[in-house]
Each structure stands twice: as structure tokens, then as C-alpha cells.
Amino acid sequence: MKYFYLLFLTVLSMSGLDVKAQSTHQQMIDCILEFGLKELGKPYMGGTLDDGCAEELVCTNEKYDCVTFVEYVFAQARLNVYGKTSETLQSQLTKLRYKDGMIAGYGSRLHYFRSWILQAEKNGYVKDITYKIGGQKLQKTINFITTNKDKYLKMSGCTGADLKINLVKLTAMEKSLSESTYYEISKYEVAAAMTKIKPGDIIAFATQLAGLDVVHTGFAVNVGGKIHLLHASSQEKKVVVSDLPLDLYLTGNKSQSGIIVVRPK
């Protein structure tokens, strides 16, 4: 587990990297890789944000699902590079995870990762570069949560007025996504695009599953000159760097149709 982290630090020292002389963008990328690789081996757990009916900020690095891993590492990096004295890790996570950076019930959480990307891009945190590196324009009906409420505790096991409010908010979120277009690189075209993907890029894995946009996410890392995935893996039950390069990793996952590539700004 420590191999990739030690290799990364060795490459930095060999290149004569001076953190103070870097651009803030390069500092951001280096922080993402450093913080992300430090989390190697941390346990995977699905549904880490869905304990109980009340919607409260969860901030932990004890266990992750794929999205909370990306959020935690990205928030840590932003705090390190851009944080003001009034900023905290909690405030950074809130800005990433909730609509308009405000916790207002379960329906205010950005459950769909495309919503996460759109808000982060609007806030100037990232840039969706999928189109520039070969993505094709697509449109898809998004309604997975509202048509599968029984799969979500806070949509099935919690009653009262909040449930109705959450349903209204989630329906609006799904409608907005369904009416918007986006770009995706087909899994069969990823090999050709890999030379344009850089370490630190956020990789979102699109899916053919009805009503859903993204099924997985992680960070791009360079291993032996090829792009691999640094992610919280549900199969390996921990944070890992994929054994396979990104293109081969993707072709081995039937539910994944392609990728969306987002670059930290």
C-alpha cells in the first residue's frame, strides 16, 4: 500500500519540486495525489452518509465510499491550497456535497455525481474536460432515486413533511439533469484518450443502468507511465490503486459505459 505513496514522493524529490514556486494549480494537483495516496488501505463502506433520518454533515476519514473518498481528498487539498483562516474541512465538504453549499435536508445533497460536477464547475473548483479529449454529447433520463425509493432509507424509512420536501427537491434535481446534455468518452475510446488524462483528474464512470448517471468515481494516477485509478473500491473493500490501467479496468466492468473527466482548476 505504501509503495505508490513512496514512489510519488520519490518522483517529486527527484524533479527538484519546490512547493513555494509552483502555481496554485500544480499545488492543488500535488495535494490531491499526496492526500489521496495517504488513504491507501482505508476501509470501504457503502452508504456512509445515510445513517438515521436527520441529514447532518458527515466528516470522517475512517471509512469511505467512492464519492466520500473523492470529496474528502478534494476538500483537504482545497483547504491546504486555498483555505482562508475562516475555512474548515467541514465547510469545504458542505460546499462540495450540498446544493448551493447549504444543508437543507436529504433532498439538498447532490446525490447524482453529475450534479456534483456541475456545481463544482459553477463554483470554479473544476473544469469538465470530457468534450475536449474526445467525449460525445449525450442526454439521458435521470430518475433512479425517485423510482427506487425503497433502496434509500431516508426516502422510505423516514416519514412526515420532510419526506415530501425531499421528494420535491430530488424530482427537481432529476428533471434538471434529464433536460441537460453532457459529454462521455465511450469505454471503447478511453485508450485513445488516456494520453490526455493527467494525474489528479477526477474520473467519473458513466453507466447504462436506467435512470442513473454515474456509478463510480476516483482520481487518475500515473503508474509506470500509464493512467490508473486511485479509488475506494467496493470489490477490494478498501482504498486502492487499480492493478489495471484505466482502459482495461473500464472494459472489465459491464455496468460502466464510459467516463467523464473533470480537472481541478
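Read the figures in this text as sums done on the coordinates, not as results from a lab. The shown structure was predicted, so the numbers you read here are calculated from the model rather than taken from an experiment. Heads up, the Cβs are rebuilt from the backbone with ideal geometry, glycines too, and the neighbour counts pull from every protein chain shown.
Just a few scattered comments:
- Global size of region 37-133: 13.7, 42 Å for Rg and Dmax (C-alpha atoms, Rg to one decimal, Dmax whole).
- Under a Gaussian network description of the chain, with springs only between Cα atoms under 10 Å, the residue in Ser91, Ser233, Ser23 that fluctuates furthest is Ser23.
- Among the trypsin sites (Lys or Arg not before Pro) in region 82-127, those located in a DSSP loop and surrounded by at most 15 other Cβ atoms within 10 Å of their own Cβ are Lys84.
- Among the chymotrypsin sites (Phe, Trp or Tyr not before Pro) in region 142-244, those located in a DSSP loop and surrounded by at most 13 other Cβ atoms within 10 Å of their own Cβ are Tyr188.
- Which of Gly218, Ala192, Gln235, positive extreme of dipole for region 177-256 (C-beta unit charges): Gln235
- For Cys53, residues with placed amide H under 5 Å, excluding near neighbours: none
- Where N is the number of residues in region 209-265, Cα Rg divided by 2.2 N^0.38 Å: 1.15
- Close amide H partners of Val239, meaning residues 5 or more places away or on another chain with modelled amide H under 5 Å apart, are Gly41, Lys42, Tyr44, Ser233.
- Assuming charge only on the beta carbon of Lys and Arg (+1) and of Asp and Glu (-1), the dipole of the chain about its Cα centre is about 340 debye to the nearest 20.
- Residue-averaged [θ]222 nm for the chain, counting only DSSP H segments that reach four residues, each worth -39500 (n - 2.57): -11000 deg cm²/dmol
- Distance between the modelled labels on Leu89 and Lys137, one decimal in nanometres: 4.2 nm (7 Å Cα→Cβ projection).
- Net charge over other residues, Cβ less than 15 angstrom from the Cβ of Leu177 (K, R count +1; D, E count -1): +2
- Once C-alpha pairs closer than 8 Å and six or more residues apart are averaged by separation and normalised to the residue number of region 2-264, the relative contact order reads 23 percent.
- Helix 2-14 axis, angle to the chain major axis (alpha carbon atoms, nearest 10°): 50
- For the chain, excluding the exposed loop sites themselves (GluC sites (Glu not before Pro), DSSP loop, at most 13 other Cβ atoms within 10 Å), the longest remaining stretch covers 63-235.
- Considering the chain at the alpha-carbon level, its Rg and Dmax are found to be 18.2, 60 Å.
- Formal net charge of residues neighbouring Pro199 (Cβ-Cβ distance under 14 Å; K, R +1; D, E -1): +1
- Semi-axis lengths, Å, region 165-217, gyration tensor of Cα atoms, sqrt of 5 times eigenvalues: 28, 12, 10
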